[in-house]
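A.B. asks: Take this structure first; my questions come after.
The values are calculated or read from the model by the stated rules, or taken from the named source; none is laboratory data. All values derive from a computational prediction rather than experimental measurement. Here the Cβ positions follow ideal geometry from the backbone for every residue, glycine too, while neighbour counts run over all protein chains shown. Please note that ligands, DNA and RNA were not included when accessible areas were found on the heavy atoms of the full protein model with its side chains. Shrake-Rupley method; radii C 1.70, N 1.55, O 1.52, S 1.80 Å.
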Amino acid sequence: MLAHTPYSLRQRVSGSRATGISLNEKAMAVRTETQNTLGSWARLVVDECGTAGPSQEGIRPLVSFLVRHSGWLAAHPAAGDFAEEIAVLVKSARRVAGPGPAHRVDLGRCLRSGCAGTLRAVVHDGDDATPGQVACDAGHALPPQQWLLVAHRMRRTASRGERVTRRHDGDRAGVREEAAR
């Protein structure tokens with residue numbers, strides 16, 4: 001049964017909506033795959049060796065456990081599969097953790113009132129063309145929730161006949177795109 005709460009004891013909520021936690025979905029997927037793969041190999045060791053598994057949950061305890069039993073794993077008929085699966089995990093983790101070469105895309109004038117800076121997106125090669133960061137050269141960062149506004153503005157610019165050109169970014173290994181009039 002719900003009790004009636006006097007108005008004076010009710011909680012009042014005001015202010016802006018919470019933005020929540022920003023998570024890298026690709027990194028989370030690689031972490032989950034790593035945990036599942038290492039857990040599967042640890043279960044094999046436990047089942048076939050009759051030993052106790054890791055005393056804690058998580059990737060580090062699983063890695064420590066598998067390292068302690070690496071001699072047994074190396075002699076197992078599935079050692080090649082183990083090595084192959086670990087190599088795939090390492091490649092996936094490197095791809096997510098360390099961005100490759102990047103190129104910058106000039107998006108036009110900064111959206112902040114009074115700022116004359118140029119808004120740029122940094123896109124890493126191999127990504128799905130989703131920028132890792134959008135900020136102006138004065139340092140104003142644009143949150144992902146506003147990236148669609150910029151995309152809409154770019155479409156309007158393109159419809160007026162302005163074109164986008166690519167050129168080498170001087171001291172950087174990447175490519176820079178600029179709107180040319």
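A.B. asks: Can you find a residue in the range 62-82 that is at pLDDT 90 or above and touching a Ser or Thr at 6+ places or on another chain (Cβ under 8 Å)? Working first, answer last.
C.D. replies: To start, the set of residues in the range 62-82 that are at pLDDT 90 or above comprises 62-82.
Those still in the list that are touching a Ser or Thr at 6+ places or on another chain (Cβ under 8 Å) too: 69.
The answer is yes, given that some residue of the range 62-82 is at pLDDT 90 or above and touching a Ser or Thr at 6+ places or on another chain (Cβ under 8 Å).
A.B. asks: Residues in the range 114-128 that are at pLDDT below 80 and either in contact with a strand residue (DSSP E or B) (Cβ under 6 Å, 6 or more places away or on another chain) or crowded, with 17+ Cβ neighbours inside 10 Å (or both): how many? Steps first, answer last, please.
C.D. replies: The first filter runs over the range 114-128 and keeps only residues at pLDDT below 80, leaving 123-128.
Next cut, either in contact with a strand residue (DSSP E or B) (Cβ under 6 Å, 6 or more places away or on another chain) or crowded, with 17+ Cβ neighbours inside 10 Å (or both) only: 123-124.
The number of residues fulfilling the criteria is 2.
A.B. asks: Kindly provide the set of residues from the range 52-102 that are touching a Gly at 6+ places or on another chain (Cβ under 8 Å) and open to solvent by 90 Å² or more (accessible area, probe 1.4 Å), ordered by number.
C.D. replies: First, the residues of the range 52-102 that are touching a Gly at 6+ places or on another chain (Cβ under 8 Å): 62, 65, 95, 99-102.
Hit for the range 52-102 is Arg95, nothing else.
Quick grid of which residues meet (1) touching a helix residue (DSSP H, G or I) at 6+ places or on another chain (Cβ under 7 Å); (2) modelled with pLDDT under 90; (3) open to solvent by 100 Å² or more (accessible area, probe 1.4 Å):
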{"position": "Arg12", "(1), (2), (3)": "no, yes, yes"}
{"position": "Thr19", "(1), (2), (3)": "no, yes, yes"}
{"position": "Glu25", "(1), (2), (3)": "no, yes, yes"}
{"position": "Met28", "(1), (2), (3)": "no, no, no"}
{"position": "Asn36", "(1), (2), (3)": "no, no, no"}
{"position": "Ser40", "(1), (2), (3)": "no, no, no"}
{"position": "Asp47", "(1), (2), (3)": "no, no, yes"}
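A.B. asks: So, in the range 38-75, exactly how many residues are among the hydroxyl-bearing types (Ser, Thr, Tyr) and under 17 Å from Leu89 (Cβ atoms)? Walk me through it before giving the result.
C.D. replies: Residues of the range 38-75 that are among the hydroxyl-bearing types (Ser, Thr, Tyr), as a first pass: 40, 51, 55, 64, 70.
Next, from what is left, pick out any that are under 17 Å from Leu89 (Cβ atoms): 40, 64, 70.
Of the residues in that region, 3 qualify.
A.B. asks: Let me ask something else about it. State which residue pairs qualify: first residue over 16 Å from Ala42 (Cα atoms) and inside the range 74-94, second residue of a type outside the set (D, E, K, R) in any location, beta carbons under 9 Å apart, and separation of 6 or more residues or different chains.
C.D. replies: Close Cβ pairs (under 9 Å, with a partner that is of a type outside the set (D, E, K, R)) amount to Val88/Thr37; Ser92/Ala29; Ser92/Val30; Ser92/Thr34; Ala93/Ala27; Ala93/Val30; Ala93/Thr34.
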